[in-house]
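A short worksheet on the structure shown next.
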Amino acid sequence: MTRTLGAAVEKARLECEATAADLEAHPLSADRVHAHRRAQALYGWWRLVAGYATDREVNPIRAVDKFGHWIGSYVDSDEDPDTADAAREFLRQAKEVGDT
């Protein structure tokens with residue numbers, strides 16, 4: 001399944017909003033804090049990639065590839081498991097991105 005870069009950003013935005021609302025409803029839940037941190041990282045990365053593709057007028061697939069290498073370096077991070085999980089999810093979703 002392919003999807004556009006815009007759809008990837010929108011999906012990440014909706015997930016970030018959903019986890020924020022969930023966290024607001026359950027502020028003392030560590031699982032919800034971690035879920036929201038992952039969602040924030042993923043949304044930020046997708047916005048970065050989309051902004052780069054738009055500003056530089058490059059093919060979205062090239063933008064995903066350019067930033068995918070950098071984001072992928074977080075997969076093996078022992079310092080922050082939330083960022084590592086978000087990086088794995090970004091790489092999984094990046095395989096689905098087609099052209100705009």
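For the reader, a short list of remarks on this structure follows.
- Heavy-atom accessible area ranking, 1.4 Å probe, most first, across F90, F67: F67, F90
- Å² per residue, accessible surface of region 5-44 at 1.4 Å: 59
- Once divided by 2.2 N^0.38 Å, the Cα radius of gyration of region 1-49 becomes 1.22.
- Fraction of accessible area attributable to carbon and sulfur, the chain (%, probe 1.4 Å): 51
- Charged side chains reduced to their Cβ positions (Lys and Arg at +1, Asp and Glu at -1) give the chain a dipole of some 340 debye around its Cα centre.
- Between 0 and 90°, nearest 10: helix 81-94 axis offset from the chain longest Cα axis: 30
- On the beta carbon distance between K66 and R13, with R0 = 22 Å, the FRET formula returns roughly 0.55.
- For region 17-25, 3J(HN,Hα) per residue [Karplus equation, 6.51 cos²θ - 1.76 cosθ + 1.60, θ = phi - 60°, Hz, x = Gly/Pro]: 5, 5, 5, 5, 5, 5, 5, 5, 6
- Across the chain, the longest run free of exposed loop sites, meaning GluC sites (Glu not before Pro) lying outside DSSP classes H, G, I, E and B with no more than 14 other Cβ atoms within 10 Å, spans 1-56.
- Within the chain, helix-based [θ] at 222 nm, where runs of 4 or more DSSP H residues each add -39,500 (n - 2.57), nearest 500: -25500 deg cm²/dmol
- Cut-off 14 Å (backbone N to label point 7 Å along Cα→Cβ of N59), residues of region 70-100: 97-100
- K95 paired with S77, simple spin-label distance in nm, labels 7 Å along Cα-to-beta-carbon: 2.2
The values are calculated or read from the model by the stated rules, or taken from the named source; none is laboratory data. Since we're looking at a predicted model, the values are computed, not measured. Cβ coordinates were reconstructed from backbone atoms using ideal geometry, including for glycine residues, and neighbour counts include every protein chain displayed. For the accessible areas, the whole protein counts, side chains as well, though only heavy atoms, and no ligand, DNA or RNA atoms are used. Shrake-Rupley method; radii C 1.70, N 1.55, O 1.52, S 1.80 Å.
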